[in-house]
Amino acid sequence: MQFMIMMIPAVYRDDRKLDENFVPGPDKVQEMGRFNEELSKQVELLSLNGLHPLSKGARVSFSKGKTSVTDGPFVEVKEVLGGYWLVEADSKEQLVRLMQKCPAEGGDVIEIRQVFSAEDFAITQ
């Protein structure tokens with residue numbers, strides 16, 4: 001089964017002052033690299049990356065058949081994706097156990113979601 005695991009850093013959550021240019025320091029990046037190396041021994045890592053700061057992003061919004069584009073940073077954001085892992089794993093429970101070892105900061109949140117497969121949308125007749 002494939003899963004998308006999303007990191008929502010505390011720096012982008014709750015009522016904290018928004019740091020639109022937040023980038024983790026080199027020590028944190030190295031620590032996460034070691035974690036990812038260990039993770040790859042337990043599950044198949046299909047893709048993983050950190051994401052550039054909010055100031056470099058854009059949002060496309062849809063309303064009543066029209067679109068609008070907002071360049072970052074996004075003032076009203078309460079939670080922002082900081083990075084992700086796309087993995088092949090045996091179960092959600094396996095990933096919950098493994099992600100509890102992630103070198104996350106206090107207040108960070110990790111969300112684990114199973115990816116729909118083509119079979120999930122198969123139409124039977």
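What follows draws every value from the coordinates through simple rules; no lab data is involved. Since this is a predicted model, take the numbers as computed values, not measurements.
Annotations
- In the chain, lysine pairs closer than 19 Å at Cα, eight or more apart or cross-chain: 7
- Under the Debye formula (equal points on every Cα, no solvent term), log10 I(q)/I(0) of the range 2-121 at q = 0.14, 0.16, 0.20 Å⁻¹: -0.70, -0.88, -1.17
- The range 53-67 and the range 29-44: distance between their alpha carbon centers, rounded to Å: 32 Å
- Between amide H atoms placed 1.01 Å from N, distances below 5 Å from Leu46 occur with Leu86, Val87, Glu88, all of them 5 or more places distant or on a separate chain.
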